[in-house]
Amino acid sequence: MDGFRVCAPAGLDEAQKTVVAAAIRAIDTSYSPYSKFAVGAALLLQNGTLITGSNQENMAYPSGICAERAALFAYGSQGISDNIVKLAVFARHHHAEPLATGAPCGACRQVMLEYELKQKSPFEVIFYHDSSYVIAASARALLPFHFHL
């Protein structure tokens, strides 16, 4: 697959390990009583800052928000000018220790791409799939046919 790399955790560089660890820690802040699928996301900025988010569900579905959008909207609402260089998103089923296979949904892919276009530079997207870490070179790689003006 062009634009993607698959590796074991040991194959990550230090920056990737940092953002992955932050995303995994963010799983603990998930509020997911309905899906029982807890998701954490983390952004690593150019200056080394980490911004995290987690999925937040609501009884009045679809009023909740995915972890990726929670992190990206926190970044955007704070008016931060440092570029995003990496975004990691990881999940677990409730009451389960191992990571769960998961990937950003279509809505999150579109939001990630818009932030990438806004900053005029790509950022890596890292997630867990079938016992491996998947590293997309950019949000655009995850959504080749996207909305744009």
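Residue count for the stretch 3-16 under the criterion of being exposed (fewer than 15 other Cβ atoms within 10 Å of the Cβ) and part of a helix (DSSP H, G or I): the result is 5. Residues that are touching a helix residue (DSSP H, G or I) at 6+ places or on another chain (Cβ under 6 Å) and under 21 Å from VAL6 (Cα atoms) within the stretch 73-107 comprise LYS86, ALA88, VAL89, PHE90, ARG92, PRO104, listed in sequence order. Going by the structure shown, is TYR115 modelled with pLDDT of 95 or more and either out of contact with any strand residue (DSSP E or B) (no Cβ under 7 Å at 6 or more places or on another chain) or closer than 19 Å to SER30 by Cβ (or both)? So TYR115 fails the test. Annotation: of all residues in the stretch 74-121 being over 21 Å from PRO33 (Cβ atoms) and touching a Gly at 6+ places or on another chain (Cβ under 8 Å), the one that is surrounded by the most Cβ atoms within 10 Å (Cβ to Cβ) is TYR115. I need the full set of residues from the stretch 64-123 which are in a helix (DSSP H, G or I), over 14 Å from the mean Cα position of the chain (by Cα) and touching a residue at least 24 places away in the same chain (Cβ under 8 Å), in order please. Within the stretch 64-123, GLY76, LEU117, GLN119 qualify. Answer yes or no: is there a residue in the stretch 23-40 that is in a helix (DSSP H, G or I), touching a Lys or Arg at 6+ places or on another chain (Cβ under 8 Å) and in contact (Cβ under 8 Å) with a residue 24 or more places away in the chain. Yes, that holds for at least one residue. Being among the hydrophobic types (A, V, I, L, M, F, W, C), assigned to a loop (DSSP other than H, G, I, E, B) and farther than 28 Å from PHE145 by Cα is a property that holds for ALA60.
Checked against the criterion of being modelled with pLDDT under 95, among the hydrophobic types (A, V, I, L, M, F, W, C) and closer than 16 Å to SER30 by Cβ, the stretch 89-98 has at least one qualifying residue.
Scanning the stretch 124-147 for residues that are charged (D, E, K, R) and either modelled with pLDDT of 95 or more or not in a loop (DSSP other than H, G, I, E, B) (or both) returns GLU124, ARG140.
The values are calculated or read from the model by the stated rules, or taken from the named source; none is laboratory data. All of these numbers come straight from a predicted model, not from anything done at the bench. Methodologically, a virtual Cβ is constructed for each residue, glycine included, from the backbone with ideal geometry; neighbour enumeration extends over all protein chains shown.
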